[in-house]
Amino acid sequence: MKTLKPVNQKSVYHSFSDLYVKIMNDEISDAKAETAVQALAGMNRTFALEIKRAEVEHEITGKAEIRIVESKNFDAVLI
């Protein structure tokens, strides 16, 4: 069983660093490294989109808040 740990931008960059070290030391297969990089890139895209959302909000309302997307709860959706 794997232990989950908190995820934020700082931990994403540390994951990239750890992954790079494993690749350079031939401790991980290329296929597994590529899959890990794709997952980490997706997390970074989510953060970049949050920054863009805040920029648009600032242009429209004159104020903006960058939400911490890693800890944001799901919005309630009426079905």
Could you check region 50-79 and list, in sequence order, the residues that are surrounded by 10 or more Cβ atoms within 10 Å (Cβ to Cβ) and modelled with pLDDT under 75?
Ile68, Val69, Glu70
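Filter region 4-44 for residues that are charged (D, E, K, R) and either under 17 Å from Ile68 (Cβ atoms) or touching a Pro at 6+ places or on another chain (Cβ under 9 Å) (or both) and give the result. So that I can check it myself, show each step before the final result.
The first filter runs over region 4-44 and keeps only residues charged (D, E, K, R), leaving 5, 10, 18, 22, 26-27, 30, 32, 34.
Listed by number, the residues that qualify are Lys5, Lys10.
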Yes or no: Ser29 modelled with pLDDT of 85 or more and of a type in the set (Gly, Ala, Ser)?
yes
Residues (of a type outside the set (A, V, I, L, M, F, W, C) and at pLDDT below 85) located in region 32-49
Gly42, Asn44, Thr46
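The values are calculated or read from the model by the stated rules, or taken from the named source; none is laboratory data. This structure is a prediction, so every number in the text was calculated from the model and none was measured. Cβ atoms come from the backbone with ideal geometry, glycine included; neighbour counts cover every protein chain shown.
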